[in-house]
């Protein structure tokens, strides 16, 4: 077997990649020494033992260093969370509910309320937020006010949602972020306060991190008979995702589809 055989070239590249990973991640230099010793065996006339030792070192390093690093990565955590949601979609809700039953703290109620919103249990979410706000400081807690406003808006309670967001702005203007502004605009539209909703959408649409605000604003304008303005917004959505990174296009798929179905 020559020095420039496919096996030798492949072996060299794999060992080089392993050496690079060892140095880059600050692993023990014993791994480098093991690779060097395995290579020296071939020069001592023990080629078969050298190949077996090298392969053993690769496999050992794969299981000791590479795979654990991959499992700790953000992408791996997101993958595991996605698998759990698919195989056991009610797990997060059960865990959050158990925490409320065992602890009953404000934070545990807020976490369960958020799970209720994700599961479409808006009435339950409202009850949990209101229960969490019964304490001396709860009525002015920005996170609770924002969550309550969203739960009320999603349940169709426009006046209640508006009241929550107005109080949120008074208590902590910084907490009245782009998400809260969008929900506030939707709460106004639920009540038929279209002109106020338009003014609110005009504030949020340029600073909202995504296409949802623009899409919902377009739908409101369309319902008000302002077709040309609505069409301009739908066209902006399609233009904004053209050439955008794939992860952004994936996250905005729902709003892009909406824009395509409404644009003429």
Scanning region 152-182 for residues that are more than 16 Å from residue 130 (Cα to Cα) and outside any helix (DSSP H, G or I) gives 156, 172, 176, 177
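For (1) surrounded by 11 or more Cβ atoms within 10 Å (Cβ to Cβ); (2) out of contact with any helix residue (DSSP H, G or I) (no Cβ under 6 Å at 6 or more places or on another chain); (3) in a loop (DSSP other than H, G, I, E, B); (4) at pLDDT below 95, each residue gets a yes or a no:
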| residue | (1), (2), (3), (4) |
| --- | --- |
| 196 | yes, no, no, no |
| 214 | yes, no, no, no |
| 218 | yes, no, no, no |
| 228 | no, yes, no, no |
| 233 | yes, no, no, no |
| 238 | yes, no, no, no |
| 257 | yes, yes, no, no |
| 260 | yes, yes, no, no |
Based on this model, can you work out whether residue 115 counts as assigned to a loop (DSSP other than H, G, I, E, B) and under 23 Å from residue 96 (Cα atoms)?
no
- Query: Would you call residue 216 within 29 Å of residue 248 (Cα to Cα) and over 24 Å from the mean Cα position of the chain (by Cα)?
  - Reply: no
- Evaluate region 85-95: report whether one residue or more is closer than 29 Å to residue 176 by Cβ, surrounded by 12 or more Cβ atoms within 10 Å (Cβ to Cβ), at pLDDT 95 or above and within 22 Å of the chain's Cα centre (by Cα). no
Residue set 149, 104, 192, 135; condition within 26 Å of residue 215 (Cβ to Cβ) and assigned to a loop (DSSP other than H, G, I, E, B); output residue 192
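The values are calculated or read from the model by the stated rules, or taken from the named source; none is laboratory data. Everything numeric in this text was worked out from a predicted model, so none of it was measured. Glycine also receives a Cβ, built like all others from the backbone with ideal geometry; neighbour counts cover every protein chain displayed.
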